[in-house]
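Structure, as structure tokens:
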Amino acid sequence: MNWKNRIIVDPDVLVGKSIIKGTRISVELILDRVADGWTTEDILSAYPHLSRDDVLVALSFAAELFREEKSIAAGKVAV
């Protein structure tokens, strides 16, 4: 899914975080909701001005950022 015309960065909106164009909904917020176990339907219900494609482009955007990373450092997790 091509996110390039749907994800924008505007320094005047949410301190320049990546957002869904035409909203104040950040990619970060969508990823946080997914990480919390929300389904796409849960997100759309809570944020009715978003579309299914908006959620998918947010995920696509995040995936592309990780593909471009050279390495991701993760610390040890204490169990």
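The values are calculated or read from the model by the stated rules, or taken from the named source; none is laboratory data. Computed from a prediction, not measured in an experiment: that's the story for all the values here. When we count neighbours, we look across all protein chains shown, and the Cβ atoms used for this are built from the backbone with ideal geometry, even at glycine. All accessible areas refer to the heavy atoms of the entire protein, side chains included, with ligands and DNA or RNA removed. Shrake-Rupley method; radii C 1.70, N 1.55, O 1.52, S 1.80 Å.
The table below gives the values:
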read-out	value
Potential extension, residue 41-residue 5 segment - 0.36 nm per residue separation minus Cα distance	10.7 nm
Accessible area in square angstrom per residue, the chain, 1.4 angstrom probe	72
Prolate/oblate/rounded label for the stretch 1-44 (Cα gyration tensor, a/c 1.5)	prolate
Two-site label geometry, residue 32 and residue 52: point separation in nm, points 7 Å out along Cα→Cβ	2.6
Whole-percent carbon and sulfur share, accessible surface of the chain, 1.4 Å	55
The chain: angle of helix 52-68 to the longest principal axis, Cα-based, in degrees nearest 10	30
